[in-house]
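See below for the structure under consideration.
Every number in this text was worked out from the coordinates using simple rules, so none of it is lab data. Bear in mind the structure is a predicted one, so any value in this text is a computation, not a measurement. Because the Cβ atoms are built from the backbone with ideal geometry, glycine has one as well, and the counts that use them run over all protein chains shown.
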Amino acid sequence: MSDYKTDDEKVEELKAWWKDNGTSVIAGIALAIGGLFGWQYWQDYQETTAAEASALYAKVEKASETSLEQAQTDIQALQSGYAATPYAAIASMKAAQQYAEKGEYEPAATALRWVVDNSKEADFKHLANIRLARVLLAMKKVDEAQTLITQTYPEAYQALIDELKGDIYVAQNKPTDARAAYDKAMLGAAGSSSELIKLKRDNLGEGT
């Protein structure tokens with residue numbers, strides 16, 4: 001499941017965005033519901049919640065370096081107590097990636113479905129859906145994977161979707177469609193992602 005590396009930078013961008021903009025998002029909510037008093041309450045709540053969630057996520061990162069199983073308690077704590085924060089989604093996606101890389105696709109799919117069902121951020125949902133489709137494809141659940149990528153995604157995800165379409169067409173023994181999908185994906189991909197897609201495309205030859 002090395003394809004995970006092709007969209008990890010999007011997760012990093014989302015983490016950075018939340019760090020820079022999370023407070024202003026909460027401020028808007030607070031002003032809408034309670035003026036100055038509401039803002040003070042939400043500011044205190046935001047700082048406390050973010051600190052607690054961040055501390056739990058740090059524990060997840062440290063534990064997962066040696067044993068993913070040891071990190072599960074903290075991941076579940078993030079999911080149950082801090083679902084509205086980005087840390088819960090990021091920890092769940094990290095767990096899914098590590099499970100998938102070990103070939104443990106069922107728990108990987110479960111972690112990704114949690115993000116789709118519970119994350120408050122649309123971008124995390126999009127990424128989780130794309131990664132879930134990859135996991136389902138690895139599980140030979142081709143039709144389920146194809147259903148996921150027929151949903152509407154922002155333009156920023158189009159190269160990932162086109163690449164995944166190519167992978168699905170390969171699994172369906174449709175090399176002509178796969179070549180077309182990979183060609184389209186290469187137009188929107190960059191760097192190592194583009195090189196990986198080109199390798200997949202080259203493996204199919206030119207057809208007849």
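Here are some notes:
- For the stretch 50-121, a crude dipole built from +1 on the beta carbon of Lys and Arg and -1 on the beta carbon of Asp and Glu, taken about the Cα centre, is about 100 debye to the nearest 20.
- Per-residue Cβ neighbour rank within 10 angstrom, fewest leading, D202, D177: D202, D177
- Estimated vicinal HN-Hα couplings, Hz - the stretch 164-171 in sequence order (Karplus 6.51, -1.76, 1.60; Gly, Pro = x): 5, 4, x, 4, 5, 4, 4, 5
- For the stretch 154-208, the dipole from Cβ point charges (+1 on Lys and Arg, -1 on Asp and Glu) about the Cα centre works out to 100 debye, to the nearest 20.
- Over the stretch 80-208: Rg over Rh, Cα atoms, Kirkwood Rh: 1.00
- Spatial offset of the stretch 150-176 relative to the stretch 91-138 amounts to 17 Å, using the alpha carbon center of each.
- Taking the Kirkwood radius as Rh and the Cα radius of gyration as Rg, the stretch 145-208 has a ratio of Rg/Rh equal to 0.96.
- Förster-model FRET efficiency, 25 Å R0, Q151 and D202, C-beta, rounded to 0.05: 0.30
- For the stretch 154-208, the relative contact order works out to 35 percent when only alpha carbon pairs closer than 8 Å and six or more residues apart are counted.
- For the stretch 96-170, a/c is not less than 1.5, where a ≥ b ≥ c are the root eigenvalues of the C-alpha gyration tensor, and a/b does not top b/c. That puts it in the oblate class.
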